[in-house]
Amino acid sequence: AVVSTQSTGAQVGKAVRESKWSRSAVFLVDKILASEIVTGGGEMQERARETIRGCLERLNVEHIDLLMIHDTFELSENLDALTVIWRVMEEFVQTGSVLSLGLSHAEMATLEHVHSIATVPVSAIQNLFNPVDYDVAVYKYCRSKEIIIMGFGITGDYHVAEGLPNPILNSNLISSLAALYSTSQHLILYNWAAQMGVIPIIRTQRVSHMRENLEYRDVFLNPHHMALLNGLIS
């Protein structure tokens, strides 16, 4: 999967077009900012349409595989706006320029609301997910509805970005498991997420690190160790 943003859309689109991979081999994800659509001038529907058209123009591709609303929690108290934005996103699915829809930073209120009004259902969410911090209710809901979960902050980097100590890499349990399996803490965490049915979002700027991190598929935590990690959630 390749994730695009407003600042990187043109570069991502160019990389996808020039890649040796066929377009069908690349899963392209883009996001729209709910806050900009809700607070901008003019009619909300048209702002949403302009925002999505902007995504497609920056990427310069025939379609986006997954289009997500970013920071959906900001709409938990404004579900009418969420309805308007989702309806516009569905228009682009109907034309074939967007193939599936999702929510980023989803909460139960926004998930259940979209489920109640959507003709195109939620295909995926992108949420904080690590052994000490994830929304258990949202996780269970998505698993029951077969909604794909893409997890970020798995190694605690989200906490560090917020100026907080890293509760993940400072965990004695995770350090012990890394030593036991002769691997890194990162690979232990990515494998835990994968076994939980979550697609780990791996952030790196180095190709060598990406290759190393993808080795989490070669690690397999046993049920006892999975249970220990699952016991960390507060």
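In this entry, ARG49 passes the filter for residues that are at pLDDT 90 or above, closer than 22 Å to LEU103 by Cβ and buried (at least 16 other Cβ atoms within 10 Å of the Cβ). The number of residues in segment 155-199 that are open to solvent by 20 Å² or more (accessible area, probe 1.4 Å) and part of a strand (DSSP E or B) comes to 1. Scanning segment 58-76 turns up no residue that is surrounded by fewer than 17 Cβ atoms within 10 Å (Cβ to Cβ), modelled with pLDDT of 95 or more and under 30 Å from LEU221 (Cβ atoms).
As a summary of the residue check, ARG203 satisfies the conditions (1) at pLDDT 85 or above; (2) closer than 23 Å to ILE125 by Cβ; (3) in a loop (DSSP other than H, G, I, E, B) except for the one numbered (1). When you scan segment 187-206, do you find a residue that is of a type in the set (Phe, Trp, Tyr) and over 18 Å from the mean Cα position of the chain (by Cα), even just one? No, there is no match, as no residue in segment 187-206 is of a type in the set (Phe, Trp, Tyr) and over 18 Å from the mean Cα position of the chain (by Cα).
Look at segment 61-75: where a residue is closer than 20 Å to ARG23 by Cβ and without any contact (Cβ under 8 Å) to a residue 60 or more places away in the chain and a partner is surrounded by 24 or more Cβ atoms within 10 Å (Cβ to Cβ) and among the polar types (S, T, N, Q), sitting 6+ places away or on another chain with Cβ atoms under 7 Å, you get MET68/GLN126. ARG23 meets all of the listed conditions (1) of a type in the set (Lys, Arg); (2) under 23 Å from ILE148 (Cβ atoms); (3) open to solvent by 50 Å² or more (accessible area, probe 1.4 Å); (4) at pLDDT 85 or above but one, namely (4). The residue of segment 116-132 that is most open to solvent (accessible area, probe 1.4 Å), among those that are part of a strand (DSSP E or B) and under 18 Å from ARG203 (Cα atoms), is LEU128.
Looking only at segment 134-154, which residues are in a loop (DSSP other than H, G, I, E, B), touching a Gly at 6+ places or on another chain (Cβ under 9 Å) and under 16 Å from LEU66 (Cβ atoms)? It would help to see each step written out before you state the result.
Restricting attention to segment 134-154, the residues satisfying the condition of being in a loop (DSSP other than H, G, I, E, B) are 134-135, 146-147, 153-154.
Those left that are additionally touching a Gly at 6+ places or on another chain (Cβ under 9 Å): 134, 147.
Of everything in segment 134-154, just one residue is in a loop (DSSP other than H, G, I, E, B), touching a Gly at 6+ places or on another chain (Cβ under 9 Å) and under 16 Å from LEU66 (Cβ atoms), namely ILE147.
If the condition is being over 14 Å from ALA124 (Cβ atoms) and without any contact (Cβ under 8 Å) to a residue 40 or more places away in the chain, then segment 87-108 contributes GLU90, GLN94, THR95, GLY96, GLU107, MET108. Quick check on segment 210-223. Is at least one of its residues closer than 17 Å to PHE129 by Cα, in a helix (DSSP H, G or I) and in contact with a Ser or Thr (Cβ under 6 Å, 6 or more places away or on another chain)? No, there is no match, as no residue in segment 210-223 is closer than 17 Å to PHE129 by Cα, in a helix (DSSP H, G or I) and in contact with a Ser or Thr (Cβ under 6 Å, 6 or more places away or on another chain).
The values are calculated or read from the model by the stated rules, or taken from the named source; none is laboratory data. Quick caveat, the model's predicted, so the values are computed rather than measured. No Cβ is skipped: glycine too gets one built from the backbone with ideal geometry, and neighbour counts run over all protein chains shown. Side chains included, ligands, DNA and RNA excluded: accessible areas come from the protein's heavy atoms. Shrake-Rupley method; radii C 1.70, N 1.55, O 1.52, S 1.80 Å.
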